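Okay, so here's the structure we're looking at.
The values are calculated or read from the model by the stated rules, or taken from the named source; none is laboratory data. For clarity, every value in this text was computed on a predicted model and none was experimentally measured. Because the Cβ atoms are built from the backbone with ideal geometry, glycine has one as well, and the counts that use them run over all protein chains shown. Just so you know, the surface numbers come from the protein's heavy atoms only, side chains and all, with ligands and any DNA or RNA stripped out. Shrake-Rupley method; radii C 1.70, N 1.55, O 1.52, S 1.80 Å.
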Amino acid sequence: MPRRRTLSDEQLLAMVLALIQAEGPDAATFAAVAKASGLSGSTLVQRFATKAAMLRAALLHAWDRLDTETARLAGTVPKTPEGAIALLVGLSQDYGDNAAAYGEGLLVLREDFRDPVLRARGAAWGTALTAAIAQCLGSAKAPETMARLMLSQWQGSLTWWGFSAEGPVATYVETELRRFLEALKS
């Protein structure tokens, strides 16, 4: 009879993800995860087979959480340009206010780009997020094009905030997105 799992897959993947976020993807070794979780290295090998499979599983878990949060926020914001700003500011909250930590998080993005399965998840999220923003910009001419431009502005504002670290990230993002929408009215 198989042994009962002391940690669910979700609990374990959350631990792996926390390690990745704290120390980077390269730190997520079987030994480090074993130490953090209290499971043996052999148990981890049985669950994931390889470090790459463990990393992929943890990052897919992160994508699941992001998909859920995106859908939740998209369902709560008004379908207006203000709602589009609120949605993107809400999604920016997890970045924290430490520019160096944000920079370390870009290493996770590198892993998403390297792995075709993770890259596909990112593309699917981008499609869903574009649709949610387009709903908020429905009265604009070409709302899907405007949504993609707003998403580009959002990602760019995160990068520029990382360089300047001027105040909280949410405030910086909100200010930049408001500037963007005002410029479109001109």
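Helix-derived [θ] at 222 nm for the chain: sum -39500 (n - 2.57) over DSSP H runs of at least 4, divide by residue count, nearest 500? When only DSSP H runs of four or more count, the value is -26000 deg cm²/dmol.
Restricting the calculation to Cα atoms, the range 1-70 yields a radius of gyration followed by a Dmax of 11.9, 41 Å.
Nonpolar atom fraction for the range 59-116, defined as the carbon and sulfur part of the 1.4 Å probe accessible area, stands at 60 percent.
Direction-averaged shadow area of the convex hull around the Cα atoms of the range 65-152, nm²?
On the way: hull surface 23.6 nm².
The Cα convex hull of the range 65-152, projected and averaged over all directions, gives 5.9 nm².
The 3J(HN,Hα) values that the Karplus relation (6.51, -1.76, 1.60; θ = phi - 60°) gives for the range 39-47 are, in residue order, 8, 7, x, 5, 5, 5, 4, 4, 6 Hz. Gly and Pro appear as x.
Of the chain, which part is the longest with no trypsin sites (Lys or Arg not before Pro) in a loop (DSSP not H, G, I, E, B) and with at most 16 other C-beta atoms within 10 angstrom? So the longest stretch without any such site is 6-78. The mean accessible area for residues of the chain, using a 1.4 Å probe and ignoring ligands and nucleic acids, is 57 Å² per residue. What separates the Cα centres of the range 6-52 and the range 65-87 is a distance of 31 Å. Accessible surface comparison of Asp26, Asp112, Asp94, probe 1.4 Å, protein chains only, largest first: the order is Asp94, Asp26, Asp112. Pairwise Cα distances in the range 42-82 exceed 16 Å in 55 percent of cases.
Report, as a whole number in µm² per second, the diffusion coefficient that Stokes-Einstein gives for the chain at 25 °C and 0.890 mPa s using the Kirkwood radius over alpha carbon pairs.
Details: Rh = 18.0 Å.
The estimated diffusion coefficient comes to 136 µm²/s.
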